[in-house]
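First up is the structure itself, then whatever we jot down about it.
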Amino acid sequence: MKKQTLIIRIIFYGLLLSSLIGLISFGFIFLESNISHFLWDKLLNDMPFKGISILIFCLIGGFCIGKLREKWGDYPQTAHDSIDQLKKIQTVNYRPAFRSLFVALLVLIFGAGVGPEAALLGAIVMLSIWQADKMRYLFFNQETFLNLNPIERFRHMLHPTKYLVAYNAESAPKGENFLSTKKALNIFFSVNGLISFTILMKLTKQPSFISKMGDTSWHLKDLWVFIPLLIVGLLSGKIYNIFKKKMNQWFNFWQDEPVKKALLGSLSIFIIGFFSPNLLFSGQVALGSVPKEYVKFSFLILLLVVVIKLVFLQICLNTGWIGGDIFPIVFASIIQGFAISQILPAFDVIFIVATVATAMAVTILDSPIGVAIFIALFFPIQIIPVIFITAITLKVTKQLVQKKTAKE
């Protein structure tokens with residue numbers, strides 16, 4: 001097979017498989033969003049004896065999650081799990097991808113206070129490695145593949161468990177041109193998958209993950225409170241990290257009884273679902289109404305919302321209701337910013353919220369640039385320099401402290 005023909009085939013099937021991954025990702029989000037909305041906003045709301053109905057529903061969820069963990073182990077696998085595995089052995093076991101997505105879907109539709117991003121990204125990593133193994137099969141079996149008729153070619157490329165060639169460091173081509181081409185194709189396929197996902201979301205009019213926090217007219221005078229706000233966000237993040245470690249210790253029981261542990265988590269979901277349903281899930285749905293509604297609440301009420309959301313998140317994570325923590329933490333950090341703005345009425349609200357939220361989220365998640373990029377999506381463009389200055393300041397400060405500590 002000529003080199004040019006091979007590249008065309010790799011591009012064609014790479015686009016096909018990356019679009020398939022985008023379709024799977026869309027399917028997961030579509031099912032989670034619509035099933036959750038139907039169950040919590042329609043079915044449970046209209047049930048007689050609403051409290052008892054929600055309790056029974058949550059207990060059923062806890063029993064299902066516990067039984068699945070008892071049978072399959074620690075699912076869903078998160079992006080952190082998949083990336084760690086990839087770093088260690090240069091590949092990932094992608095066979096549990098749909099099992100992981102199924103458990104994650106149950107976790108989310110039963111109301112756990114976690115986000116979809118960890119399980120979804122973990123599955124995307126697995127499926128991307130599956131795609132790479134398919135591309136290697138095509139590369140190393142060029143002549144065999146060429147002799148197949150078009151239908152058989154599609155069957156080979158779409159078969160979930162056959163016609164795969166795993167990564168092997170010894171047999172992998174190492175030429176500089178090959179590696180640069182491979183890198184460019186990987187980026188191209190990733191972008192294609194993202195575009196496919198976005199198009200499907202738009203075509204089906206799914207709600208956006210991102211809600212804008214309002215307009216800003218911040219001025220230089222607001223910089224007077226920049227350092228105090230940064231410190232408040234930093235301390236809030238530090239307190240949460242200490243609390244997180246304590247929660248891990250407090251919930252270090254029933255290690256061999258996942259059903260009991262999951263049922264304990266389902267009780268917390270029931271309490272939140274009955275008394276404050278806006279705090280269910282990751283919080284991204286309720287976040288859109290915050291800029292208009294926060295003025296109705298006092299500093300203490302908003303602070304209580306932050307505490308409840310983060311406690312709820314940790315209870316879920318420590319009782320087997322595994323999911324992402326990025327969305328819940330960003331949600332809580334933004335609410336914390338609005339709470340602080342209540343006691344500083346002379347300064348720009350969005351400036352305060354952006355600074356506190358960035359400082360708090362960066363401290364908790366320990367990824368300054370990644371967090372800054374993500375948080376910037378929620379704010380107007382005028383405030384983006386403040387967000388990145390906050391993140392970089394914390395990053396540089398941490399590096400200086402670590403160097404000083406190392407010298408001592």
Odd one out for Tyr94, checked against (1) surrounded by fewer than 20 Cβ atoms within 10 Å (Cβ to Cβ); (2) free of Cβ contacts under 8 Å to residues at least 40 places away in the same chain: (1)
Verdict on Leu280 being under 21 Å from the mean Cα position of the chain (by Cα) and over 16 Å from Ala339 (Cα atoms): yes
Tabulated pairs, segment 18-37, first of a type outside the set (S, T, N, Q), second assigned to a helix (DSSP H, G or I) and surrounded by fewer than 19 Cβ atoms within 10 Å (Cβ to Cβ), C-beta under 6 angstrom, 6+ apart or interchain: Phe26/Leu200
Which numbered condition Ser211 misses (of (1) exposed (fewer than 12 other Cβ atoms within 10 Å of the Cβ); (2) modelled with pLDDT under 90; (3) not β-branched (Val, Ile, Thr)): (1)
Ile109 vs. criteria surrounded by fewer than 24 Cβ atoms within 10 Å (Cβ to Cβ), in contact (Cβ under 8 Å) with a residue 40 or more places away in the chain, touching a Leu at 6+ places or on another chain (Cβ under 8 Å) and over 21 Å from Gly193 (Cβ atoms): yes
Selection from segment 83-120 of residues that are under 25 Å from Ile329 (Cβ atoms) and in a loop (DSSP other than H, G, I, E, B): Phe110, Gly111, Ala112, Gly113, Val114, Pro116
Residue within segment 134-141 that is aromatic (Phe, Trp, Tyr) and at pLDDT 85 or above present: no
Checklist (1) at pLDDT below 85; (2) small (Gly, Ala, Ser); (3) under 23 Å from Ile329 (Cβ atoms) applied to Ala172, failing item: (3)
Enumeration of residues in segment 71-82 that are part of a helix (DSSP H, G or I) and touching a residue at least 24 places away in the same chain (Cβ under 8 Å): Trp72, Ala79, His80, Asp81, Ser82
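The values are calculated or read from the model by the stated rules, or taken from the named source; none is laboratory data. Every value quoted in this text rests on a predicted model; they were computed, and no experiment measured them. Neighbour counts run over all protein chains shown; Cβ positions are idealised from the backbone, glycine included.
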